[in-house]
Amino acid sequence: MSGGASLALAEGVLALHLCIILFNLFGFVAIPLGAWRGWRFVRGFPWRALHVLVMVVVAVQAIAGRACFLTLWQSALAGGATPAPLIMRSLNAVIFWPLPVWIFALAYVVLFLYVLALLWLVPPDWPWRRPHGSGPAQAA
């Protein structure tokens, strides 16, 4: 693969990584705020389940002392391209902090516990708890 194509893929992985981070941050704030404000979407099962699943992956990788697989893919694809494009350097500075791995592991476990607490404090609309025949298709 050419250097330009590889770098473009690395930028795509970085963009995906940033979207996942923003998705998680949005959930941390929107769920409790939405419960307080009465926003129905914060109880939507699919995106709440995805939020928990993503946090499980993040926490398990951190506990295992492994870098995120997206970080590894980005690094492999970038191949030490110097200089990296300005946007890539800027986003990398925001996303990747030079801290010991144990700090990230602790932070991600605490955040995962917060997500689990949100499942209890702001329960989603569990699909198996809906009465038969109710749902959006049943408009009166």
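Among the residues making up the stretch 1-39, a single one is among the polar types (S, T, N, Q) and under 13 Å from the mean Cα position of the chain (by Cα): 24. Of all the residues in the stretch 40-69, those that are among the aliphatic types (A, V, I, L, M), under 14 Å from the mean Cα position of the chain (by Cα) and modelled with pLDDT under 90 number 1. Filtering 42, 13 for residues that are farther than 16 Å from residue 91 by Cα and in a helix (DSSP H, G or I) leaves a single hit, 42. Looking across 131, 127, 100, one residue alone is within 26 Å of residue 16 (Cβ to Cβ) and either at pLDDT below 90 or surrounded by 15 or more Cβ atoms within 10 Å (Cβ to Cβ) (or both). It is 100. Going by the structure shown, is residue 106 farther than 30 Å from residue 39 by Cβ, modelled with pLDDT of 90 or more and part of a helix (DSSP H, G or I)? In short, yes.
The values are calculated or read from the model by the stated rules, or taken from the named source; none is laboratory data. As the structure is a computational prediction, the values presented were derived from the model and not from experiment. Positions of Cβ are backbone-derived with ideal geometry, glycine not excepted, and every protein chain shown enters the neighbour counts.
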